[in-house]
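What follows is a short report on a single structure.
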Amino acid sequence: MAGRAGVPGRTGQKAVDLLEGLPGAPLDGQYPDGFFPGDRGPFDDLREGRAAADAKLYAKVARRLERTARLLEQEAGILLGFQLLPVEPAPAFQADENGLLIENPDVGLDTLVSVGAADAPGGGAIFAAGFGFDSGPVTVSHLEPGSPQSVDTDVDHAPAERWRHVNDGSGAGLDDGLWLVGARRQGDEGRVTRVIGVR
């Protein structure tokens, strides 16, 4: 699904093939107005429509999770925290140095869920998930409260699928407090980070 530098992803290639198949002279990289992101054309309409639909869905899921969290705490003493973030890490498409559209292969971290127990401090866990496209293993990092060093874990995932990871302190549980969770492509320096509390 994702494209590498100078190589269009499947969706981008289909668009290029469609335009190249139109009658007339070859396009030679000259595409119609509105073909590029930011031109207020079909790509922008698609992204804006997707973002609006995502925001509506995420709000609905968040309301249900809030009700579930209240019920779990009242009935079972289970403490649930969560962050659901609509996926919008960067433009869905970007142009390379030759003006060729490639799909953005960045890694995303859009879901965090923490679980703890009111009667068992220090026994929490964090579930993290996001997208990785086909960019290879994702490195997930957890920085615990008061620690200067994060713990990194490489997570393999099938191409064009989401990655997921659970950190429960290797079975010992996680300390209460605010945890910094990050995700990046294996070998990359930059990462996307989120903070979630364990209690």
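Bear in mind these aren't lab numbers, they're just calculated from the coordinates by the rules spelled out. On a predicted model such as this, the values are computed, not experimentally measured, just so you know. Cβ: placed from backbone, ideal geometry, glycine included. Neighbour counts: every protein chain shown.
Order these peptides, 174-184, 64-74, by their mean beta-carbon neighbour count within 10 angstrom, highest first.
Packing order, densest peptide first, comes out as 174-184, 64-74.
If Lys and Arg each add +1 and Asp and Glu each add -1, what is the summed charge of the other residues whose beta carbon sits under 13 Å from the beta carbon of Gly116?
Around Gly116, the charge tally is -4.
For Trp179, what residues show an amide H to amide H distance below 5 Å, using hydrogens built from the backbone and excluding near sequence neighbours?
Under 5 Å from the amide H of Trp179 lie the amide H atoms of Ile196, Gly197, Val198, each far enough along the sequence or on another chain.
On a full-extension model of 0.36 nm per residue, what is the gain between Asp17 and Leu84, subtracting their alpha-carbon distance, rounded to one decimal in nm?
Gain on extension, Asp17 to Leu84, equals 20.5 nm.
Just subtract the alpha-carbon distance of Lys60 and Asp45 from 0.36 nm times their residue separation and send over the number in nm, one decimal.
Stretched out fully, the Lys60 to Asp45 stretch lengthens by 3.1 nm.
For a quick check: with amide H placed at 1.01 Å from N, whose amide H comes under 5 Å from Asp110's, ignoring anything fewer than 5 positions away on the same chain?
Distant-sequence amide H within range of Asp110: Ala129, Gly130, Phe131.
Sort the following peptides by mean Cβ neighbour count (other Cβ atoms within 10 Å, averaged over residues), highest first: 51-61, 110-120, 162-172.
110-120, 162-172, 51-61
Net charge within 11 Å of Gly177 by Cβ-Cβ distance, Lys/Arg positive one each and Asp/Glu negative one each, not counting Gly177 itself?
-2
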